[in-house]
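Below: the structure, in structure tokens.
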Amino acid sequence: MNAPHPAPAARQTLYREMSPLHLTPLWEVLHALVPPQPASPCVPALWKYRDVRPFLMRAGELITAEEAVRRVLILENPALRGQSAITQSLYAGLQLILPGEVAPAHRHTQSALRFVVEGTGAYTAVDGERTTMHPGDFIITPSWTWHDHGHPGRGPAGAHGNEADQPVVWLDGLDIPMLRFFDAGFAENSPEKSQRVTRPEGASQARYGHTMAPVRGDAPYGATSPIFNYPYARSREALHQLERTTPLDAWDGWKLRYVNPLTGGAPMPTMQPFLQRLPAGFDGRAWRQTDGAVYSVVEGAGTAYIESPQGPLRFEFEARDHFVVPSWQALRLQSESGCVLFSFTDRPVQQALGIHREERLA
Ligand code: 1HN
């Protein structure tokens, strides 16, 4: 499909005269409506944690978690400023909670995932259960569940040497742009600032976290995984075991997807998280996929080469940095020292629609 030439005068007149009736000719826009391949308005972007962290901490001095409701710096795609979006379908932000603070209970139909970036001692609560956050933990807040966060640490007064007294920062991934697209968002605040604890910590892990499931009872959160926290200690060990027992993949290194143990599918209906390890000296091949990906660097350092329509880009990343790779832009990963990467995409939605594509390049 070729780009259109300017329309002759008689056609321009037709367009102008029908416009008040809210009519417009398809043939002038057809090429852009069905492009031969994805032409994402998103651009690749890198957020260095050493640049971002001082702003998070300044926000920590200027507003409390309670006043902010959620004290988050949004990672906005540079080409989508003002839209609170990191890709067309996904939202990402870095949330800070300080010792002694509470982020009040609310619920919304948007689903959230958390990936802990820094600090220990904060908790998040969902549906009466709390889980303590540790760096690298992947945590789920299912759609329409009450959730609040808190940090019982003693705060700056007692803050020497005790890791439970440190700030805690995590990556939030939400399907906000998708729900906005569908006009399907609902939200409400809870009258209780912190929800009452009704189940002991670890209850979801005990019931669903051992490749077994209760004999009776339905999935408590429908299509969303009943596992609340996928702790880093276990995910990291899984990668270790994989590294010892299976061949290296030339594109991915060793890469695992987190699953809903009840279905084997994605842990949430709208987002699929992954954890991967690249060994020292890894020089990966390029691939592209229709699901734009948000990366959080967990350990080590490396380089991401991205083939964007604006030209090739090279991102040098290290632990706690974040970057985004738009749909259908080829990515190649390298690591001198070895590294571990968390990432998430909207793949479950694309798979449900039968439109997901992936291409591994030579
Ligand atoms: C939200 O509820 C959280 O619960 C984080 O931590 C980020 C961004 C937009 C709307 C709701 C949270 C959010 C959010």
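The values are calculated or read from the model by the stated rules, or taken from the named source; none is laboratory data. If you're wondering where the values come from, they're calculated on a predicted model, not measured in any experiment. Positions of Cβ are backbone-derived with ideal geometry, glycine not excepted, and every protein chain shown enters the neighbour counts. Accessible surface is based on the protein model in full, side chains and every heavy atom, while ligands, DNA and RNA are left aside. Shrake-Rupley method; radii C 1.70, N 1.55, O 1.52, S 1.80 Å.
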Bounding extents of region 86-177 in its principal axis frame from Cα atoms, largest first in Å, are 42, 28, 17
Radius, Kirkwood style, for the chain when every pair of distinct Cα atoms is counted (Å) | 22.1
The chain - mean residue ellipticity at 222 nm from DSSP helices (-39,500 (n - 2.57) per run, n ≥ 4, rounded to 500) | -5000 deg cm²/dmol
Solvent exposure ordering (accessible area, 1.4 Å, most first) of Leu353, Leu331 | Leu353, Leu331
For region 235-295, report the convex hull volume of the alpha-carbon atoms normalised per residue, in Å³, without decimals.
-> 110
For Thr132, distant residues with modelled amide H under 5 Å away | none
How big, in percent, is the set of alpha carbon pairs in region 126-223 lying more than 15 Å apart?
-> 75
Per-peptide average of other Cβ atoms within 10 Å, ordering 45-54, 191-200 highest first = 45-54, 191-200
Computed log₁₀ I(q)/I(0) - Debye formula, equal Cα scatterers, no solvent, region 52-208, q 0.11 Å⁻¹ | -0.43
Net charge near Leu96 (other residues with Cβ under 14 Å of its Cβ; Lys, Arg +1; Asp, Glu -1) is 0
Over all distinct Cα pairs, what is the inverse of the mean 1/r for region 299-356, reported as the Kirkwood hydrodynamic radius in Å?
-> 12.9
Bounding extents of region 1-133 in its principal axis frame from Cα atoms, largest first in Å, are 70, 32, 28
Per its Cα gyration tensor (rounded if a/c is under 1.5, else prolate when a/b beats b/c, else oblate), region 219-362 is best filed as oblate
